[in-house]
Amino acid sequence: MKSSRYQAIKSLILIAAFFLIFQAFPAWSQNSASPSGKPALLEFGAGYCFSCKEMEKVMAALKTSHSDQVEFRMVYVDKEKDLFTQYKILMIPTQVFLDASGKEVDRHIGPLTREEVIQKLKELKFIK
């Protein structure tokens, strides 16, 4: 009796863990192609978050230097909750990288420097 109860609890925990992990992975099937037809970097954040404010500066610098190749967009939780839900954003800041067709190809949780973003964009072949 005790063993079957233990197995049932263990199964429930495994199922719950699976769903939590599944929710954290990118929404691979979701397409949000940018109107420009270019790859895009969506920066998910909030105005009250210090790291997000630092990422705003990074995104502004990248927009100035690389907007001819990549679309850069800030997405704020208080203004675009639907996109937070669509991309299953659990923590901020989170960067979501979309190819030119709008398919998510990578994501990163946490702040990045300008150089780190450029390196990631090169790895993804978004820029030369």
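Take the cross-link list 63/122; 81/120; 53/103; 103/128 and give me the ones stretching past 23 Å between alpha-carbons.
Table pairs above 23 Å Cα-Cα are 81/120; 53/103.
For residue 75, the residues 5 or more places off, or on other chains, whose built amide H falls under 5 Å of its own are 43, 44, 45.
All of the numbers you see were taken from the coordinates with simple rules; none came from a lab. Keep in mind the model is a prediction, meaning the values are calculated, not measured.
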